1. Which of the lysines could a cross-linker bridge to residue B:280, judged by Cα under 22 Å and excluding same-chain residues fewer than eight apart?
2. Could you pull the copy-to-copy label distances for residue A:195, with points set 7 Å along Cα to Cβ, in nm to one decimal and sorted shortest first?
3. Could you calculate the FRET efficiency of residue B:241 with residue B:389 from 1/(1 + (r/R0)^6), where r is the beta carbon distance between them and R0 is 51 Å, rounded to 0.05?
4. Short version: ³J(HN,Hα) in whole Hz for each residue of region B:15-27, in order, from phi by Karplus 6.51 cos²θ - 1.76 cosθ + 1.60 (θ = phi - 60°), x for Gly and Pro, what are they?
5. What whole number of Å gives the distance from the Cα centroid of region A:526-568 to the Cα centroid of region A:394-417?
6. Pairs of alpha-carbon atoms within less than 8 angstrom and 6+ residues apart define the contacts here; what relative contact order does region B:203-352 have, in percent?
7. What list of ³J(HN,Hα) values in whole Hz, one per residue of region B:221-230 in order, does the Karplus curve 6.51 cos²θ - 1.76 cosθ + 1.60 (θ = phi - 60°) give from phi, with Gly and Pro shown as x?
8. In the protein assembly as shown, if the dipole is taken from +1 on Lys/Arg beta carbons and -1 on Asp/Glu beta carbons about the Cα centre, which of B:537, B:212, B:497 is farthest to the positive end?
There are 2 protein chains.
Amino acid sequence: MNERKILSDYVYTMVASLVQAGIKNVVISPGSRSTPLAYAFASTKQLTMYRQVDERSAAFFALGLAKATAKPVVLLCTSGTAAANYFPAIVEASYARVPLIIVTADRPHELREVGAPQAINQPNLYGAHVKWSVDFPLADGAAPTLPFIERHLARAVAIATSAPFGPVHVNVPFREPLLIDFSNELPTTTFKHSDMGQLIPTDDAQQELSAILQATKKGFIVIGELALGTDLAVVWEFVRQLKWPTIVESLSNMRASIPEDCLPYIITTYDAIMKSEDFKTLVQPETVLRLGAQPISKFIMQFISKSQPNAYIIIDEDAMFRDATGVSTHFIHANIGQWLTQLEITNVALEKTYLAEWQKANELAAMHIEQHAEVAKDEGAIVSRLLKLIPNGSDIFVSSSMPVRDIDTFLLATPKDLRVFANRGANGIDGVVSTALGLSQGNQRETYLLIGDLAFLHDVNGLIASRYQQCNLTIIVLNNDGGGIFSYLPQSTVEAHYEDLFGTPTALTFQDVAKMYDMDYIRVDTIDELSEKFATMKKQPLRLIEIFTDRAENVKAHRKLWQRISTELKA
Amino acid sequence: MNERKILSDYVYTMVASLVQAGIKNVVISPGSRSTPLAYAFASTKQLTMYRQVDERSAAFFALGLAKATAKPVVLLCTSGTAAANYFPAIVEASYARVPLIIVTADRPHELREVGAPQAINQPNLYGAHVKWSVDFPLADGAAPTLPFIERHLARAVAIATSAPFGPVHVNVPFREPLLIDFSNELPTTTFKHSDMGQLIPTDDAQQELSAILQATKKGFIVIGELALGTDLAVVWEFVRQLKWPTIVESLSNMRASIPEDCLPYIITTYDAIMKSEDFKTLVQPETVLRLGAQPISKFIMQFISKSQPNAYIIIDEDAMFRDATGVSTHFIHANIGQWLTQLEITNVALEKTYLAEWQKANELAAMHIEQHAEVAKDEGAIVSRLLKLIPNGSDIFVSSSMPVRDIDTFLLATPKDLRVFANRGANGIDGVVSTALGLSQGNQRETYLLIGDLAFLHDVNGLIASRYQQCNLTIIVLNNDGGGIFSYLPQSTVEAHYEDLFGTPTALTFQDVAKMYDMDYIRVDTIDELSEKFATMKKQPLRLIEIFTDRAENVKAHRKLWQRISTELKA
């Protein structure tokens, strides 16, 4: 068999194996060494191919696509630093538990570590930050090769999509020549299917959990960002059965489309009410049960930590103890699944007054937050206003630092169908534009990105994707000229070096970016213009709303609101 | 002692140790966890602080600074994906042998791998791509701590600046609170000084080398990019003694300021003349001696590989065998130093006609290249023209892919003082704008960046640096709307998917980028406009010359030139 036929069979077997394992989307960055696979991906009609020149942005785009679809996405790049550019998104995917199949083309062994161009040490390139890494054999035509790569790719997808989801790395060497024979049909694979098991607690653990939950007089549930693909119906059913105050982070997506009978238990304003010492004394818990990631709110986490509940139970699909409070007492390694609603919960001992205290505080805080939104002009009020303007059925991607916190404060329980996403695995401000664009490609919903000026600038290259595929995204930049979150930290009390090291204003505005990328550009200087300008947005593929705000004013307004809520809770 | 005093002593001891070890430049990206060190760096007058929000660009900026100064540069970022963004530049620094001291702030142990925000697994984050990685202790006030970090930082700098130079990683955990007491004076360090030895070949190896060089009738020297800080005077003296044809890559910086008596031996047009089979037959070598990295030119490397010289001797400061030809016969692990000029070279056996053949071919090719530059209108001719326009005493940073190859072809031996730099460690197109900006900050010379449209776009964020420090750089973008180098590869013979996967045109132009960053923007549509427009450039801190070219035309023009040279060499 000739070299070219061997190479063609090899790459089409790779593609067939990935398709067989359920892969639908591939994100490719241009390069030479990856040519055989790029050809095979591009010529396979079962796959949708996305392109992005900047590999850092490409990987975040894939991350967004995987978040939208709860399915693994394949990345492909050439050898060299191209692969290193994937690293930030891989780290995020690792902590955010997002399945990515990272395929890096490599030089053959004789060109590794010998000073050949674009050849770097790629096996295990991503270290501890992928779930698995494998270095493939060359397309050598040997009998074991194709059956091996079939099973190794099935394995790669199986590992990426077993709990906890995460990234895997497949390094594939290619020797020149790199051209292949195109094929319209994929080869039949001999490997058929992997089944990803469900992790369920032991009977003993279920009984202990039931016993604690039923005996608790004062307790609450905390729900952070849940694993991709979690069935919310199960969680709602559990809330319905337990009837405890349930603290839901915006990223749990349990603040919208709330079942009517669950509504009384949903607490959204915890970050605000946890600033009141009186209230915290009133609601000291015996038991706290947490599902999903640790919430963003430092105040609720500090409250749990200081309360030292008799039982702080964490249910998590990863054996890693995801608990920074240091007061957890029980760890249940399990997926959120039907078992949760089949626990014996018959005599709930929770004191009615305990629930009532939470409900009262939550209502009061919600009222003040809504009032603030009516009268104030800061970023918080702007976010409130945006949440009213954004239509039913939309997804909102929020950047780390302030936007995610503002959404967490100002998104109250809503009858609208809104979903909120963020990169909260490692909470970086990198790759946000790309992740939002990826999300918007995969979610089949109107999508909005809420982002600060530094994060927007950091991933302005995310917009390159719009040169290669049809996009539909509204980007709302809150431009406060620098790092807004630092104004809330102790650093802001020290004048020396503050703007140099933390504020870091660039004095940049983004109408030129909008022009470069053919975006509809809308400048908003005051909150009063927002509604009108929002309504008259053009239907271009990309829209950029730049809203100018003031860092100092934002802090003042936030603090005033919190102060008011604390005062009322004391009264 | 109180916590704050302990923390302050810790970070100022770090800074004092780095200053003591010769560090002058620090590149900082904003963040919270890094606050104590950022304060200490910012308040130390012995250091120059640079800032860049995008950590990927920050690391390449530091790389450029280190290249300009041949001294290690310190990077500082906060915890989380910020650190992962350094990775591409670290990989490049590793292969390009550039000393970087990467300092990543980290969370304390109790916040690692517990789901805390912005906490990722940072120890050994960069795997095999740093020379050394160390996880520091907390500022704990214990007696061994300060003496330990003093020595460990001296060690970090020593490792980064011992042959081969490279990046090292220092991970520094900080526990809150992060504020320090500012100090105007650095503490006295108890560790004084590390001496980096010089690596010299054994007497036996020197004798063997002398014997081979003296006995060789047909041989040539190949000089690629040399180690940072190499004393060119030594290399010139060696050329002067040996009198062999000496192939000098543009990145060796031996095509400019050539000593008069060395000029006859300098061969610059090897890439063109190596396309002639007749010439190659004529100059089959017995011996090839290589200093520095493998040259860019595939043709010269293939010639060496096919020639299988009796002796192919590589002198390299790294024990890694940097030879992708597979025909090396001798490896000498040594720095380029005085020893090279003290070899016994008395009776050089090289045939006069052998040198003459190289000289004749080189002159002929040079003439054709110069003629081409007069009449053609392609990128090659544009690069030739630019080399005439760029004033004496300048540095040129060239992007990977086509610009570095065009410079290598069209930069002939010149009386001008021009230096050429590129990121040829891993040959990526990433981080190029930042590296050039870093170079321009450290070199005290007029600096020009020659770059294609995709590479410019890839690191357009490099320009953010101009918001934080005074810049002086002329960027020349050769905009051929996509990946030009692929037109020279076999992929260009396959029509299917070509533009999708390789050409990848964005249809972007960069006047909006220029506007955003207050750059003087000059649009050049034809080579004829170039000289005039170049002369009327404004003296803004950043200038962008965008030259529009055509990918297909460039290939045609190059091939025509090579064909003409080959034909002439046959005649």
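Bear in mind these aren't lab numbers, they're just calculated from the coordinates by the rules spelled out. Quantities reported herein were computed from a predicted structural model and do not represent experimental measurements. Methodologically, a virtual Cβ is constructed for each residue, glycine included, from the backbone with ideal geometry; neighbour enumeration extends over all protein chains shown.
1. Straight-distance partners of residue B:280: B:217, B:218, B:243, B:298, B:306, B:352, B:360, B:560, B:570.
2. Those separations, rounded to one decimal, come out as 7.1 nm.
3. 0.90
4. With the stated coefficients, region B:15-27 comes to 5, 4, 5, 5, 4, 4, 7, x, 5, 10, 10, 10, 10 Hz.
5. Between the Cα centre of region A:394-417 and that of region A:526-568, the gap is 13 Å.
6. 32
7. In residue order, the calculated couplings are 9, 10, 10, x, 5, 8, 4, 3, x, 4 Hz.
8. B:537
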